[in-house]
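Right, one structure below, let's go through it.
The values are calculated or read from the model by the stated rules, or taken from the named source; none is laboratory data. Just so we're clear, the structure is a prediction, and the values are computed from it rather than from any experiment. FYI the Cβ positions are ideal-geometry reconstructions off the backbone, even for glycines, and counts take in every protein chain you see. We work out accessible area using only protein heavy atoms, side chains counted, and drop any ligands, DNA or RNA first. Shrake-Rupley method; radii C 1.70, N 1.55, O 1.52, S 1.80 Å.
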Amino acid sequence: MKNNDSRILFAPGTISAPANAPIIVADGLRTPENVGALIRLAANVGSTSVILVGCNEMKENKIRKTACMAWDYVKLSFVPTPADLLLLITPAYQLVAVETSPQSINIYSQPLPRNVVLVVGSEVHGISPELLSLCPTHVHIPMTGPDTSMNVSQAAAVALFAWVRLHVANA
């Protein structure tokens, strides 16, 4: 997908989701199928914004195939750096990294903010140190089995539906 596609351009500070739905940010993704899965998840929770940071061009047809009908409802935006990301996000939203880090806390112990930007990382390297440093809150998904890694779209699903549980299911 080319970065000059008119459907993915936003004016600075204008990205927000309707009714304070989450915004999804993915850092350094390499596979279009994961991008499509994130778009589909965004539509599941009423979000209209998925932002890719530092991602290379990907084949739009592969993204669309995985996103299915969600492609028509969710805007996909590209920014080259984490600093550029901050120019797009309205100040009312808080960045929350979904990443195991020295300061991360269990996602089920920390209420996610109503106005949240959920940040997930690449399939191989996770969230870049630069972007991680911009997130005041880090949450991790507790895993009790021998494999402690999770696909980026699976991790996003866990985080998004933890948000739904707090802000939609009990509303």
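Compute the longest continuous run of the chain that contains no exposed trypsin sites (Lys or Arg not before Pro); treat a site as exposed when its DSSP state is not H, G, I, E or B and it has at most 16 other Cβ atoms within 10 Å. Between the exposed loop sites, the longest stretch runs 115-171. Largest mean-square fluctuation among VAL124, VAL79, VAL25, in a Gaussian network model of the chain whose springs join Cα atoms under 10 Å apart, belongs to VAL124.
Taking the DSSP bridge list for the stretch 43-167 and keeping only pairs wholly inside it, about 5 percent are antiparallel. Separation of the stretch 88-122 from the stretch 39-85 is 18 Å, based on Cα centroids. Rolling a 1.4 Å probe over the protein chains gives HIS125 an accessible area of about 150 Å².
Other residues whose C-beta falls under 13 angstrom from the C-beta of LEU131 contribute a net charge of -4, scoring Lys and Arg +1 and Asp and Glu -1.
Note on the stretch 80-171: Cα convex hull, mean projected area over all directions, 6.6 nm².
Computed over the Cα atoms of the chain, pair by distinct pair, the Kirkwood hydrodynamic radius stands at 15.8 angstrom. Taking the Cβ of ALA97 as the centre, find all other residues whose Cβ is under 15 Å away and add up their charges (Lys, Arg: +1; Asp, Glu: -1). Counting the neighbours of ALA97, the net charge comes to -3. Neighbours of SER122, meaning other residues whose beta-carbon lies under 14 angstrom from its beta-carbon, give a summed charge of -4 when Lys and Arg score +1 and Asp and Glu score -1.
Between the listed residues GLY46, ALA70, LEU95, the Cα displaced farthest toward the positive end of the dipole of the stretch 35-104, a dipole computed from Cβ unit charges relative to the Cα centre, is found at ALA70.
Within straight-line reach of LYS59, meaning a Cα separation under 19 Å, sit the following aspartates and glutamates at least 8 residues removed in sequence or on another chain: ASP5, ASP27, GLU33, ASP72, GLU123.
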